[in-house]
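A short worksheet on the structure shown next.
The values are calculated or read from the model by the stated rules, or taken from the named source; none is laboratory data. Note that the structure is a prediction, hence the values are computed from the model and not measured. When we count neighbours, we look across all protein chains shown, and the Cβ atoms used for this are built from the backbone with ideal geometry, even at glycine. Note: accessible area is taken over every heavy atom of the protein model, side chains too, but ligands, DNA and RNA are not part of it. Shrake-Rupley method; radii C 1.70, N 1.55, O 1.52, S 1.80 Å.
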Amino acid sequence: MRKLGIGLILVSFLPWVAVAAAPFLALSIAQKAVLIPVLIGIAELMFWIGILMVGKEVAEQYRRWLNPLYLFR
């Protein structure tokens, strides 16, 4: 269960890459306007489900790793 949660957290970054690439796709403006929020919603949903699966300890460790004060020490 924990590996699946970590996998969901890692895979949740792929829709964000797709969001960055969406403006360059050969789609209409209306299609892009629908695609981008859907991708963001999917990414957020996968991330939070993954956080719920891995537990509080891993989520706190992940938050600490992303803290700018911790990164630049």
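Any residue in segment 22-40 that's aromatic (F, W, Y): show its pairings with residues that are at pLDDT 95 or above at Cβ separation under 6 Å, as long as the two are six or more apart or on different chains.
Pairs found: none.
When G50 is evaluated against the numbered criteria (1) in contact (Cβ under 8 Å) with a residue 40 or more places away in the chain; (2) exposed (fewer than 15 other Cβ atoms within 10 Å of the Cβ), which criterion, by number, is the only one it fails?
Evaluating G50 over (1) in contact (Cβ under 8 Å) with a residue 40 or more places away in the chain; (2) exposed (fewer than 15 other Cβ atoms within 10 Å of the Cβ) leaves (2) as the failure.
Mind checking which residues of segment 53-73 are without any contact (Cβ under 8 Å) to a residue 40 or more places away in the chain and either touching a Leu at 6+ places or on another chain (Cβ under 9 Å) or of a type in the set (D, E) (or both)? Full working, then the answer.
Here is the first cut: in segment 53-73, the residues without any contact (Cβ under 8 Å) to a residue 40 or more places away in the chain are 56-57, 59-61, 63-73.
Result: E57, A59, E60, W65.
Every residue in segment 12-37 that is among the aliphatic types (A, V, I, L, M), touching a helix residue (DSSP H, G or I) at 6+ places or on another chain (Cβ under 9 Å) and open to solvent by 70 Å² or more (accessible area, probe 1.4 Å), please.
Here is the first cut: in segment 12-37, the residues among the aliphatic types (A, V, I, L, M) are 14, 17-22, 25-27, 29-30, 33-36.
Those still in the list that are touching a helix residue (DSSP H, G or I) at 6+ places or on another chain (Cβ under 9 Å) too: 14, 18-19, 22, 25, 27, 35-36.
Passing the criteria: L14, L25.
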